[in-house]
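*Asks:* Once you've had a glance at the structure underneath, I'll fire off some questions.
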Amino acid sequence: VGLKATAESIALPESMGQLESVNLSCQELNFTSIHIQCRKGVLSFVHDEFGQQKIQFAVDADSENDIYRITTSGLALASSVVKLDLYITQQHWRMKLKAPPTLIKNIRGFIAPYLSQEQKSVLASWQLAGDIAFTTDVTGHGEQVDTVEVDLLLNQFTASDQAGQYATEAIQARVSIDLQQHKSRWQWQATLDSEHGQAYVAPIFMDLSDTA
């Protein structure tokens with residue numbers, strides 16, 4: 001069984017605008033009174049900020065046990081193609097996001113519209129270059145985020161601030177950041193595994209190749 005649906009526009013929450021020219025199709029649709037499964041679907045739309053998108057997806061929904069799984073690929077953000085997996089079990093949920101290596105300047109341009117003027121000023125005070133790949137694993141329940149795990153792969157990462165207090169040169173490293181919310185407070189831990197590059201934090205100079 002297949003399914004096709006179209007809409008001229010779909011309104012999103014006010015801060016997110018709306019989708020235009022929406023087309024949804026599912027080539028392999030199976031359903032019963034308690035179970036809906038789309039093994040191969042495509043969603044296309046146009047958005048003012050995200051441009052024209054064509055996303056492949058799969059959905060597995062078990063309404064009797066409140067278990068839902070959504071996987072997507074092909075979402076274009078910051079000149080990169082992002083893969084997103086979402087799992088929902090009753091009140092708990094888990095989201096995984098994976099992006100291949102992307103130029104930092106593209107990420108910088110993508111996030112700029114969402115920053116406050118103060119944050120934009122801070123970002124503008126840094127010179128940044130290189131590329132970054134990342135995976136993010138977020139869990140929560142209801143509207144609350146419980147844990148966040150971020151894994152960053154930096155390649156030829158170079159950064160410097162206007163004051164000359166901080167600088168890096170051609171860093172190749174892996175950065176892992178774990179955050180956990182406990183009693184309304186965030187606890188965090190970060191690790192750095194460097195393979196190449198140099199860093200300067202006034203007045204200390206570090207050759208990261210020697211510390212790997």
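*Asks:* Determine which single condition Thr102 fails, assuming it passes every other condition in (1) within 23 Å of Pro13 (Cα to Cα); (2) surrounded by 15 or more Cβ atoms within 10 Å (Cβ to Cβ); (3) at pLDDT 90 or above.
*Replies:* (1)
*Asks:* Only one of Ala78, Ala61, Ala11 is within 28 Å of Lys105 (Cα to Cα) and among the hydrophobic types (A, V, I, L, M, F, W, C). Can you tell me which?
*Replies:* Numbers: Ala61 fails: within 28 Å of Lys105 (Cα to Cα); Ala11 fails: within 28 Å of Lys105 (Cα to Cα).
Result: Ala78 is the single residue among Ala78, Ala61, Ala11 that is within 28 Å of Lys105 (Cα to Cα) and among the hydrophobic types (A, V, I, L, M, F, W, C).
*Asks:* How many residues are farther than 20 Å from Asp207 by Cβ, aliphatic (A, V, I, L, M) and surrounded by 12 or more Cβ atoms within 10 Å (Cβ to Cβ) if we restrict to the range 178-194?
*Replies:* Going through the range 178-194, the residues farther than 20 Å from Asp207 by Cβ turn out to be 178-190.
Checking the rest, the ones that are also aliphatic (A, V, I, L, M) come to 179, 190.
Okay, now just the ones that are also surrounded by 12 or more Cβ atoms within 10 Å (Cβ to Cβ), so 179.
Total satisfying the criteria: 1.
*Asks:* Another question about this same structure. So which of Gly130, Gly142 ends up being modelled with pLDDT under 90 and not hydrophobic (A, V, I, L, M, F, W, C)?
*Replies:* Selected residue: Gly142, the only one of Gly130, Gly142 that is modelled with pLDDT under 90 and not hydrophobic (A, V, I, L, M, F, W, C).
*Asks:* Exactly one of these conditions fails for Thr191: (1) β-branched (Val, Ile, Thr); (2) without any contact (Cβ under 8 Å) to a residue 24 or more places away in the chain; (3) not in a strand (DSSP E or B). Give me its number.
*Replies:* (3)
*Asks:* Related question: Could you list, in sequence order, the residues of the range 123-177 that are open to solvent by less than 50 Å² (accessible area, probe 1.4 Å) and free of Cβ contacts under 8 Å to residues at least 24 places away in the same chain?
*Replies:* Leu123, the sole residue that qualifies.
The values are calculated or read from the model by the stated rules, or taken from the named source; none is laboratory data. In this text, all values refer to a predicted model and were calculated from it rather than measured experimentally. No Cβ is skipped: glycine too gets one built from the backbone with ideal geometry, and neighbour counts run over all protein chains shown. The protein model used for the area step is the full one, side chains on, heavy atoms only, and it has no ligands, DNA or RNA in it. Shrake-Rupley method; radii C 1.70, N 1.55, O 1.52, S 1.80 Å.
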